[in-house]
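A quick write-up on the structure given underneath.
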Amino acid sequence: MTIHLLLGLVLILFVFAAVRALAPSRALLAGTVLGIGALALLAVNYQALLSPEFWAGLIGFVAILSALMVVIHPNPMVSILFLIVNLFCIALFYLILRAEFLAVLQIIIYAGAIMVLFVFVVMLLNLKAEEGLRLGGGPQRWGALLLAVVFVLLMFHALHDRSDQPYVEPGAFESGFGSARALGGLLFSRYLVAFEAASLLLIAGMVGAVVVAKRKVG
Amino acid sequence: MDPDIARVLVESAVKIALFFFILLTVVAYMTLVERRVSAWIQDRQGPNRVGPLGLLQPLADGIKFLFKEEVTPPHVYRPVYLLAPMLIFVPALVTFSVIPIGPALELFGQRVRLQIADVDNGVLVILAFASMGVYGIALAGWSSSNKYSLMGALRSSAQLISYELAMGLSIVGVLMAAGSLRLNDIVQHQIEHGWNLIWQLPGFLIFLTAAFAETNRLPFDLPEAETELVAGYHTEYSGMRFSMFYMAEYANMVTASALAVTLYCGGYHVPGLHLLRLPEPAAALVQVLAFGLKVGFFLFLYVWVRWTLPRFRYDQLMNLGWKVLLPVAVLHILWVSFLVLMNWT
């Protein structure tokens, strides 16, 4: 039941993307019609609203939609905003998978710190909206469409096989899973070498950035 | 529907409505307090005409803002321009949801926490949503297509990023002492071992300074320095949208004060209250009032400092953040590690 609903929503998304690519001026009309279609689909499957699978699917839907908008929106600042929405969706995925600590870190580090630097760069460079941004002509357009169809079929195949398994196995996680304590314990015992190596890598990157910047100034 | 789920839903809805109402009322009356206290400091009268002691002034202001014409300048980037005031106001409200304003108590036959969400990573949730506030400011400045707005937004982003670091590091000390990221555990730790204010004074001072910078208040209000930047990032806003920025500033102040109380001043803890042997509801009421009083003190401190200190210069601001607060915060973590190792906290 749920899996059919999800496939329906994904299909709606791809129809929308195709309409947007092939006939940009009809996108608003297509969006309205498909939105009503999605609502009707939900109304028929209202029991699904209580299952975690449905919410995972809905968040995935928003994640895909926002990722798509990052690529196709002509204005770089709006692209950044959609990227932030996308990163929030990933944090919600972590929440569904019971990794609370990771979810909050995802928001602090990616949606908070890194994206602020993106905003900074766009503000400083004063990037203008790319007026003529659209998909390349002829062959590229049909190639993209072909790849999209292949991707939908692949997704259908992948999801179809897994339709009997629940998204989150109840009792699959030991108590305390995903807490700061459990994660810290793992980082400082089992994954200590990788953890320290990553910190060295970060320091090297930081020193490198300072050296490059200094050379430019003096 | 499952009766358990229904109960939780109703309880949450009531709490959210209550917290929302309290926060907005405090925000409205903070504007009046700010004007009255500034008048008192400068030996003036302040607004005292609308209602007794001017107590209805916030209401009059609200009505005025609602009926003002909202001018949208033709050169702005409209979608982002409309989004920015919401982006700055929502995080200010969300952060308040994890702060416990009182102890858990028996109400209508069940345990009720005086807190909307008792989250395991409460401190991190606050930091996460506090860092979202910068988007509202940056996008407001950028979408206004005005050089003064842009300058204000740039200054503000740089300032918020710089002081977030010092703030985070100063909080690390509190987390190490309590051994938990949950705000209730931190309050409980302070009830048992004394307020963090005593052992972690350097951390508290760093936190307070960073909180002033994070809320864009004097002496760190460079993003809206009116002598140089007109009004900074909200130059192009008018009517209710302008007042959203204003309300967000005060909501941020309330949350920052509540956080300072929770992390360093024992939260809702009243020393020696258990000696009085009050019945549970009365004790809870006293503790909630004590929490309000402590928050009130910090709010007064905000106003007091604003009308006492002059504004920092931009290089002074950056020097203070990176060359003073950050190293001191790291030293403070060393000091707390020492305390924890010696079992003194």
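The values are calculated or read from the model by the stated rules, or taken from the named source; none is laboratory data. The shown structure was predicted, so the numbers you read here are calculated from the model rather than taken from an experiment. Backbone-built Cβ (ideal geometry, glycine too); neighbour counts: all protein chains shown.
Per the listing B:LEU197, B:LEU218, B:LEU205, B:LEU160, the residue uniquely under 23 Å from B:MET253 (Cβ atoms), part of a helix (DSSP H, G or I), at pLDDT below 85 and more than 14 Å from chain A (Cβ to nearest Cβ) is B:LEU197. Listed conditions (1) closer than 27 Å to B:PHE298 by Cα; (2) in a loop (DSSP other than H, G, I, E, B); (3) in contact with a helix residue (DSSP H, G or I) (Cβ under 6 Å, 6 or more places away or on another chain) are all met by B:VAL37, apart from (2). Going through (1) facing another protein chain (nearest Cβ under 8 Å); (2) buried (at least 23 other Cβ atoms within 10 Å of the Cβ) one by one, B:SER144 falls short only on (1).
Checked against the criteria, B:ALA117 counts as within 14 Å of chain A (Cβ to nearest Cβ) and not in a helix (DSSP H, G or I). Highlighted here are the helices (runs of 4 or more DSSP H) found entirely within segment A:2-83 that include at least 1 residues which are at pLDDT 70 or above, within 14 Å of chain B (Cβ to nearest Cβ) and in contact with a helix residue (DSSP H, G or I) (Cβ under 6 Å, 6 or more places away or on another chain): A:52-72. Among all residues of segment A:114-128, there is none that is part of a loop (DSSP other than H, G, I, E, B), closer than 29 Å to A:ILE59 by Cβ and modelled with pLDDT under 75. Criterion applied to B:LEU331, B:LEU278, B:LEU309 was being part of a loop (DSSP other than H, G, I, E, B) and in contact with a Pro (Cβ under 8 Å, 6 or more places away or on another chain), and the one residue passing it is B:LEU309.
In the set B:PHE129, B:PHE67, only one residue is surrounded by fewer than 23 Cβ atoms within 10 Å (Cβ to Cβ) and of a type in the set (Phe, Trp, Tyr); that residue is B:PHE67. Every condition in (1) crowded, with 16+ Cβ neighbours inside 10 Å; (2) closer than 29 Å to B:GLY136 by Cα; (3) of a type in the set (A, V, I, L, M) holds for B:LEU309 except the one numbered (1).
Check segment B:75-97 and report whether any residue there is assigned to a strand (DSSP E or B) and either crowded, with 22+ Cβ neighbours inside 10 Å or of a type in the set (S, T, N, Q) (or both). No, that holds for no residue. Look at B:ILE171 and say whether it is more than 12 Å from every other protein chain (Cβ to nearest Cβ) and more than 28 Å from B:PRO74 (Cβ to Cβ). Considered against the rule, which asks whether it is more than 12 Å from every other protein chain (Cβ to nearest Cβ) and more than 28 Å from B:PRO74 (Cβ to Cβ), B:ILE171 comes out as yes. Residues of segment B:307-335 that are under 14 Å from B:VAL174 (Cα atoms) and within 25 Å of the chain's Cα centre (by Cα): B:ALA329, B:VAL330, B:HIS332, B:ILE333. Of all the listed residues (B:LEU150, B:LEU124), the sole one being without any contact (Cβ under 8 Å) to a residue 12 or more places away in the chain and at the interface with chain A (Cβ under 7 Å from one of its Cβ atoms) is B:LEU150. Is it true that some residue in segment A:129-141 is surrounded by 14 or more Cβ atoms within 10 Å (Cβ to Cβ), assigned to a helix (DSSP H, G or I), at pLDDT below 80 and out of contact with any Lys or Arg (no Cβ under 9 Å at 6 or more places or on another chain)? Looking through segment A:129-141, at least one residue is surrounded by 14 or more Cβ atoms within 10 Å (Cβ to Cβ), assigned to a helix (DSSP H, G or I), at pLDDT below 80 and out of contact with any Lys or Arg (no Cβ under 9 Å at 6 or more places or on another chain).
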